[in-house]
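The values are calculated or read from the model by the stated rules, or taken from the named source; none is laboratory data. These figures come from a predicted structure and were not determined experimentally. Cβ placement follows ideal geometry from the backbone for every residue including glycine, while neighbour counts extend to all protein chains displayed. For accessibility, only protein heavy atoms count, side chains too; no ligands or nucleic acids. Shrake-Rupley method; radii C 1.70, N 1.55, O 1.52, S 1.80 Å.
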Amino acid sequence: MTHAEDTPGLAARLRDATAVEHKDTENRSFITRLMGGELDLEAYTRYLAQYAYVYRALEAREPQPGDPEFLADPALPRFASIVSDLENLGAADWEATHPARPATLDYVQHLESIPASDVARYLAHHYTRYLGDLSGGQAIAALVARHYGASDAQLAFYRFEDIDSPVRYKRSYRDQLDALDFTEEQEQALFSEAKGAFHFNAAIFEALGESEPAPVAS
């Protein structure tokens, strides 16, 4: 698809299209309290267990002919790291002790409903999760370590061993987004699905917040 020279690339338009949803999600009470040191390592464990279900579904898709190379980059998958972290957090039996919340199940079922051939819609979730892990996820790791004493062995989720520089990687990822030859219909599907991805994540945060005591008024 050809754009005028002064038209922002697909990555910039995707960022702008989801800016409101992104801000709304990251400002949900549970995640702000977790990052603010108001909860505990058990709360982080509950959070991580819910995302084990999400990443297992996200990473179950088989690569398709014609996929952009970065969709199957082996440096990105997180499920195995999450399982390792849960084991080191004392939750090796996470599926029994931390069953998927309804909001988590909604997200998982939605991911499973996306046809493998629908690159634009799958990419929306790939972008939302992995670029988030390479951005805000790094801050979460540092704060969980600082506030709750999480060890390196409990924070493998946020260590991308095969990525030397998250900043350079994210720049390359966005360049590859810009190079995609999507139709207008595919672009709109990407934008709409990415907005939906943020809503799914916000719903998980809300569900997790319901199990936490309310903040004490000062």
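What to note about this one:
- Hey, Ala120 in a helix (DSSP H, G or I), touching a helix residue (DSSP H, G or I) at 6+ places or on another chain (Cβ under 7 Å), closer than 18 Å to Arg56 by Cα and of a type in the set (Gly, Ala, Ser) or not: no
- For segment 143-151, the condition of being under 16 Å from the mean Cα position of the chain (by Cα) and aromatic (Phe, Trp, Tyr) holds for none of the residues.
- Members of segment 10-32 found to be of a type in the set (Asp, Glu) and either at pLDDT below 95 or in contact with a Lys or Arg (Cβ under 8 Å, 6 or more places away or on another chain) (or both), listed by number: Glu21, Glu26
- When segment 32-46 is filtered for residues that are open to solvent by 10 Å² or more (accessible area, probe 1.4 Å), in contact with a helix residue (DSSP H, G or I) (Cβ under 7 Å, 6 or more places away or on another chain) and assigned to a helix (DSSP H, G or I), the ones remaining, listed by number, are Met35, Leu41, Arg46.
- Considering segment 90-125, and only residues there that are hydroxyl-bearing (Ser, Thr, Tyr) and surrounded by fewer than 20 Cβ atoms within 10 Å (Cβ to Cβ), the residue that is nearest to the chain's Cα centre (by Cα) turns out to be Ser113.
- Considering segment 126-166, and only residues there that are assigned to a helix (DSSP H, G or I) and among the acidic types (Asp, Glu), the residue that is most open to solvent (accessible area, probe 1.4 Å) turns out to be Asp152.
- Top-ranked residue of segment 201-214 - restricted to ones that are of a type outside the set (S, T, N, Q) and surrounded by fewer than 20 Cβ atoms within 10 Å (Cβ to Cβ), ranked as nearest to Val54 (Cα to Cα): Ala203
- Checked against (1) out of contact with any Lys or Arg (no Cβ under 8 Å at 6 or more places or on another chain); (2) closer than 24 Å to Ala207 by Cα; (3) at pLDDT 95 or above; (4) not in a loop (DSSP other than H, G, I, E, B), Ala91 passes all but condition (4).
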